[in-house]
Protein chains: 2
Amino acid sequence: MIQFSINKNIFLQALSITKRAISTKNAIPILSTVKITVTSEGITLTGSNGQISIEHFISIQDENAGLLISSPGSILLEAGFFINVVSSMPDLVLDFNEIEQKQIVLTSGKSEITLKGKEAEQYPRLQEVPTSKPLVLETKVLKQTINETAFAASTQESRPILTGVHFVLTENKNLKTVATDSHRMSQRKLVLDTSGDDFNVVIPSRSLREFTAVFTDDIETVEVFFSNNQILFRSEHISFYTRLLEGTYPDTDRLIPTEFKTTAIFDTANLRHSMERARLLSNATQNGTVKLEIANNVVSAHVNSPEVGRVNEELDTVEVSGEDLVISFNPTYLIEALKATTSEQVKISFISSVRPFTLIPNNEGEDFIQLVTPVRTN
Amino acid sequence: MIQFSINKNIFLQALSITKRAISTKNAIPILSTVKITVTSEGITLTGSNGQISIEHFISIQDENAGLLISSPGSILLEAGFFINVVSSMPDLVLDFNEIEQKQIVLTSGKSEITLKGKEAEQYPRLQEVPTSKPLVLETKVLKQTINETAFAASTQESRPILTGVHFVLTENKNLKTVATDSHRMSQRKLVLDTSGDDFNVVIPSRSLREFTAVFTDDIETVEVFFSNNQILFRSEHISFYTRLLEGTYPDTDRLIPTEFKTTAIFDTANLRHSMERARLLSNATQNGTVKLEIANNVVSAHVNSPEVGRVNEELDTVEVSGEDLVISFNPTYLIEALKATTSEQVKISFISSVRPFTLIPNNEGEDFIQLVTPVRTN
């Protein structure tokens with residue numbers, strides 16, 4: 001029967017990370033528990049929602065954890081409730097003792113709380129991912145790529161493949177990451193410092209958002225492993241599994257235009273604020289669009305809601321060139337594209353009022369390119 | 001037609017305060033608007049939900065406001081939407097111009113937003129409260145009194161009078177404030193520095209909570225005025241009206257016991273944390289109670305939930321005296337009582353397991369006294 005003592009705060013941290021994979025509203029009730037597995041090496045916490053699984057290991061070698069293991073074993077405890085109880089304990093040292101009938105006695109200071117657990121055998125087995133030949137990625141680079149693309153994935157289940165982000169490695173080091181919901185698209189290309197076997201996978205954008213929350217910036221690199229329907233991101237203490245989406249991702253390369261009629265360079269923050277103002281009014285219109293007018297190298301934004309009012313605004317520009325143009329689109333797509341851009345200036349290039357326009361960081365080439373599709377308003 | 005210019009931030013601050021009285025889900029649609037009244041003296045913003053009304057005045061004398069009035073008038077604008085629009089404007093200076101058909105043109109920097117307003121005559125007339133002979137109160141004192149009592153008022157409409165806080169002034173300077181939901185009670189007595197006409201009113205606790213949010217700590221005093229069914233709190237710029245509750249407040253004085261069998265003094269924070277741990281488990285029991293046991297001057301807390309587990313905890317005490325006792329109660333009432341207490345130590349006094357116990361700040365007398373009713377568990 002399990003018996004160990006541990007630093008409460010380190011234990012809580014590990015539990016909170018593991019809990020990110022645990023949903024309280026799962027169709028499989030056992031998945032609302034956290035699995036605690038104690039061996040002579042340390043403690044492994046496991047959480048899963050069937051899509052994402054997280055294993056967090058606390059080693060007896062970790063001095064901050066103050067982990068003293070007297071007896072190994074494994075047990076399941078209701079995750080949310082267990083975390084609240086641990087968090088409420090008065091002392092920095094927490095004693096964890098299993099007693100008869102799968103009960104756990106937690107002791108800390110003068111407080112003693114007994115909780116009912118469940119047989120560890122009831123927990124589903126996680127699918128294994130072979131861990132040979134890792135691809136090593138910088139966490140920072142991977143997280144930036146996710147931040148630049150995952151928001152553009154679809155949230156609608158009507159075309160499930162579009163709820164994912166397409167990751168493609170070619171020539172062992174050329175990584176292309178792309179997401180689209182068919183109204184807008186975001187693509188980041190980069191050349192890896194390391195190299196690995198080529199791959200072509202679609203990762204659910206929701207899993208990637210959890211990944212960015214779980215892998216904090218102090219984790220410098222992650223190892224990446226694939227099986228045919230799963231991907232594993234692994235750091236020293238954390239293993240993060242997510243299922244892959246099945247199906248063929250649409251060919252997005254052909255969507256990216258290369259010749260333009262009009263280009264304009266904007267200050268990113270200024271343009272975003274203008275679009276946020278426009279959106280206040282466009283939300284009250286029938287098609288929800290803002291109209292951008294480029295005439296004599298002056299760019300202006302217009303919204304007219306018969307019920308609420310109207311916006312007319314001349315936009316600050318750094319440079320405008322090319323033909324005059326009028327184009328209407330959903331300002332939210334442009335706002336989100338601008339939010340994903342860390343560059344201070346952006347270059348927007350247009351072909352016509354019915355063709356998607358592109359947005360790239362100014363002066364940085366086209367490794368990061370976004371597309372927004374206009375709305376025909378008449 | 002209205003025409004003025006103003007510092008955007010000062011205008012936003014005043015709008016946000018006025019908005020506290022405005023509900024978007026009001027049965028009277030016109031109450032979702034803010035009324036803007038411009039005279040040669042300044043601007044008055046008015047918001048109301050029918051229960052609470054707030055008038056906020058911005059004077060042309062206020063240098064920070066940078067208020068320049070070219071033409072007076074009054075108009076109604078959709079409050080939430082108008083605040084979002086003002087907040088989105090790019091420049092620190094905002095121009096407000098009324099044009100034909102009750103439309104407003106807001107200009108700031110290069111941005112121009114036109115909004116549709118409504119006739120000011122559509123706004124209901126606020127009931128007037130005669131403003132002679134003010135009672136002047138320190139804001140800090142009034143807010144503390146509210147924080148100490150209002151939480152104990154009922155949230156159930158089954159006995160409407162208990163959703164209010166009873167304010168009684170006797171002998172021109174003795175203020176008694178009391179609230180109860182019939183499970184617990186909180187009473188603060190204080191002697192005012194100033195004096196006023198005696199009163200006996202019941203103010204909705206919800207209104208008092210809004211009061212504490214609206215009157216910030218930089219407002220040193222408030223003037224208080226009464227009509228037969230309203231109360232007005234007034235500072236230099238803000239008039240805050242709330243209706244009073246009709247009916248007779250129950251006699252609570254007779255509920256307060258004066259002789260006790262057992263007393264215990266606790267560190268306020270320690271006791272609160274113990275009760276929060278107990279509540280984690282008591283939430284999962286049928287009657288939701290914690291059992292407090294006093295035996296040989298040792299106090300311990302116990303909860304036993306057949307489904308989830310149990311708590312046993314010896315409580316830290318400063319001093320215990322009197323007879324042994326076992327008493328069960330809802331830990332939330334004690335937690336909320338402790339939260340309302342700024343004193344580092346509290347003294348709890350018991351009569352028996354079926355009589356309410358009292359809680360007072362230790363060493364501070366009984367000007368602030370709280371009662372919690374036990375639950376009979378068998």
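With respect to B:Thr358, determine if the residue is touching a helix residue (DSSP H, G or I) at 6+ places or on another chain (Cβ under 8 Å) and at pLDDT 95 or above. Let's see the steps before the verdict.
Details: touching a helix residue (DSSP H, G or I) at 6+ places or on another chain (Cβ under 8 Å): no; at pLDDT 95 or above: yes.
In short, no.
Please specify each residue of segment A:68-98 satisfying the condition of being among the aliphatic types (A, V, I, L, M), over 14 Å from A:Phe4 (Cβ atoms) and either open to solvent by 60 Å² or more (accessible area, probe 1.4 Å) or more than 35 Å from the chain's Cα centre (by Cα) (or both). Scanning segment A:68-98 gives a single hit, A:Leu92. Taking residues in segment B:97-109 that are at positive phi, and partners anywhere that are surrounded by fewer than 18 Cβ atoms within 10 Å (Cβ to Cβ) and assigned to a loop (DSSP other than H, G, I, E, B), the pairs with Cβ atoms closer than 7 Å and at least 6 places apart or on different chains are B:Gly109/B:Pro90; B:Gly109/B:Asp91.
Taking segment A:218-228 as the range and being part of a strand (DSSP E or B), open to solvent by less than 60 Å² (accessible area, probe 1.4 Å) and of a type outside the set (A, V, I, L, M, F, W, C) as the test, only A:Glu223 passes. Scanning segment B:92-125 for residues being at pLDDT below 95, more than 10 Å from every other protein chain (Cβ to nearest Cβ) and farther than 26 Å from B:Lys25 by Cβ gives a total of 2. Residues that are small (Gly, Ala, Ser), surrounded by fewer than 15 Cβ atoms within 10 Å (Cβ to Cβ) and closer than 14 Å to B:Leu137 by Cβ within segment B:179-217 comprise just one, B:Ser195. Residues in segment B:288-307 that are within 22 Å of A:Asp91 (Cβ to Cβ) and β-branched (Val, Ile, Thr): B:Val290, B:Val298, B:Val299, B:Val303. The lone criterion from (1) modelled with pLDDT of 95 or more; (2) at positive phi; (3) of a type in the set (Gly, Ala, Ser) left unmet by A:Ser300 is number (2). If only one of B:Glu313, B:Glu323, B:Glu319, B:Glu336 is over 23 Å from B:Glu259 (Cα atoms), among the charged types (D, E, K, R) and either within 14 Å of another protein chain (Cβ to nearest Cβ) or surrounded by fewer than 17 Cβ atoms within 10 Å (Cβ to Cβ) (or both), which one is it? Going through B:Glu313, B:Glu323, B:Glu319, B:Glu336 in turn, just one is over 23 Å from B:Glu259 (Cα atoms), among the charged types (D, E, K, R) and either within 14 Å of another protein chain (Cβ to nearest Cβ) or surrounded by fewer than 17 Cβ atoms within 10 Å (Cβ to Cβ) (or both): B:Glu313.
Annotation note: Cβ proximity below 7 Å between a residue of segment B:353-373 that is assigned to a loop (DSSP other than H, G, I, E, B) and a residue that is open to solvent by 20 Å² or more (accessible area, probe 1.4 Å) and hydroxyl-bearing (Ser, Thr, Tyr) (sequence gap 6+ or interchain) occurs for B:Pro356/B:Thr373.
From the residues in segment B:104-133 that are closer than 16 Å to B:Thr242 by Cα and touching a Phe, Trp or Tyr at 6+ places or on another chain (Cβ under 9 Å), which one is surrounded by the most Cβ atoms within 10 Å (Cβ to Cβ)?
Our first condition is that a residue be closer than 16 Å to B:Thr242 by Cα; within segment B:104-133, this holds for B:124-131.
Then keep just the ones that are touching a Phe, Trp or Tyr at 6+ places or on another chain (Cβ under 9 Å); that gives B:126-127, B:129-131.
Numbers: B:Leu126: 15, B:Gln127: 12, B:Val129: 17, B:Pro130: 9, B:Thr131: 12.
Checking each candidate, the answer is B:Val129.
Selection of segment A:1-42 for residues being open to solvent by less than 70 Å² (accessible area, probe 1.4 Å) and of a type in the set (Gly, Ala, Ser) yields A:Ser5, A:Ala14, A:Ser16, A:Ala21, A:Ser23, A:Ser32, A:Gly42.
Give segment A:297-306 a look and list any residue that's open to solvent by 70 Å² or more (accessible area, probe 1.4 Å) and either among the polar types (S, T, N, Q) or at the interface with chain B (Cβ under 7 Å from one of its Cβ atoms) (or both), or say none.
Initial filter on segment A:297-306 (open to solvent by 70 Å² or more (accessible area, probe 1.4 Å)): A:297, A:304, A:306.
Once the filter is applied, which keeps residues that are open to solvent by 70 Å² or more (accessible area, probe 1.4 Å) and either among the polar types (S, T, N, Q) or at the interface with chain B (Cβ under 7 Å from one of its Cβ atoms) (or both), segment A:297-306 yields A:Asn297, A:Asn304.
The number of residues in segment A:249-281 that are assigned to a helix (DSSP H, G or I), of a type outside the set (Asp, Glu) and either away from every other protein chain (no Cβ under 14 Å) or within 26 Å of the chain's Cα centre (by Cα) (or both) comes to 9.
Looking for whichever is under 24 Å from A:Leu334 (Cβ atoms) and among the polar types (S, T, N, Q) here; the options are A:Thr242, A:Thr216, A:Thr221, A:Thr177. Which one fits? Show your work before the answer.
Details: A:Thr242 fails: under 24 Å from A:Leu334 (Cβ atoms); A:Thr216 fails: under 24 Å from A:Leu334 (Cβ atoms); A:Thr221 fails: under 24 Å from A:Leu334 (Cβ atoms).
The match here is A:Thr177.
Taken over segment A:47-67, the criterion of being under 20 Å from A:Glu121 (Cβ atoms) and either over 20 Å from the mean Cα position of the chain (by Cα) or not polar (S, T, N, Q) (or both) is satisfied by A:Gly47, A:Gly50, A:Glu55. Would you confirm, using the coordinates I've provided, whether A:Arg272 is out of contact with any Phe, Trp or Tyr (no Cβ under 8 Å at 6 or more places or on another chain), of a type in the set (Lys, Arg) and under 22 Å from A:Thr149 (Cβ atoms)? So A:Arg272 passes the test.
The values are calculated or read from the model by the stated rules, or taken from the named source; none is laboratory data. Nothing here was measured: the structure is a model prediction, and the numbers come from that model. Cβ atoms come from the backbone with ideal geometry, glycine included; neighbour counts cover every protein chain shown. Each accessible area value is taken on the protein alone, full model and side chains, heavy atoms only, with ligands, DNA and RNA left out. Shrake-Rupley method; radii C 1.70, N 1.55, O 1.52, S 1.80 Å.
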